1. Run the simple label-point estimate for LYS14 and ARG43 please: 7 Å along Cα→C-beta, distance reported in nm.
2. Residues with beta-carbon under 13 Å from that of THR47, excluding THR47: net charge, scoring Lys, Arg +1 and Asp, Glu -1?
3. At a Förster distance of 25 Å, what's the computed FRET efficiency of ILE34 paired with GLN71, Cβ-Cβ distance as r, to 0.05?
4. Which one, LEU7, ALA64, SER77, is farthest towards the positive end of the dipole of segment 3-84 when Lys and Arg carry +1 and Asp and Glu -1 on their Cβ?
5. Report the net charge of residues surrounding MET1, where surrounding means a beta-carbon distance below 12 angstrom and charges are Lys +1, Arg +1, Asp -1, Glu -1.
6. Spelling out what I want: for every residue of segment 30-41, take phi, set θ = phi - 60°, compute 6.51 cos²θ - 1.76 cosθ + 1.60 (Karplus), and round to whole Hz; glycine and proline get x.
7. LYS62: which lysines have alpha carbons under 18 Å from its alpha carbon, excluding same-chain residues fewer than 8 sequence positions away?
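What follows is calculated from the coordinates using simple rules that are stated; it is not laboratory data. For clarity, every value in this text was computed on a predicted model and none was experimentally measured. Every residue, glycine as well, gets a Cβ built from its backbone with ideal geometry; the counts of neighbours run over all protein chains shown.
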Amino acid sequence: MAVKLRLMRMGKKKQPTYRVVAADSRSPRNGRFIEIVGTYEPRQDPTVVRIDNDRAVDWLRKGAQPTERVQRLLQESGAWEQFRAPAAR
């Protein structure tokens with residue numbers, strides 16, 4: 001099973017909010033998911049990004065592939081640098 005970190009659309013018509021979820025790559029955009037990792041609210045000023053960095057890094061270490069947008073959100077939250085840093089031994 002290939003796992004992706006991707007966005008799941010929520011909210012009303014023309015007022016989107018998104019959940020950052022870990023989901024099977026074969027499931028539809030708003031279909032089944034494994035775990036909610038965070039939220040993204042693009043309509044707020046400034047944009048609000050809330051990501052559980054520990055869970056996101058855990059999924060990345062297990063081999064989950066982020067989409068382009070989710071990777072940028074992970075960089076903004078600091079989870080991407082945490083993942084790229086060499087593990088302390």
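1. Those two pseudo-labels are separated by 1.0 nm.
2. Numbers: positive: ARG43, ARG50, ARG69, ARG72; negative: GLU41, ASP45, GLU76.
Cβ neighbours under 13 Å give a net charge of +1.
3. Details: r = 18 Å, r/R0 = 0.73.
Efficiency computed from Cβ-Cβ geometry: 0.85.
4. Towards the positive end, the residue furthest out is LEU7.
5. Numbers: positive: LYS4, ARG26, ARG32, LYS62; negative: ASP24.
Around MET1, the surrounding residues sum to +3.
6. 9, x, 5, 9, 8, 7, 8, 9, x, 9, 9, 10
7. Filter leaves LYS4.
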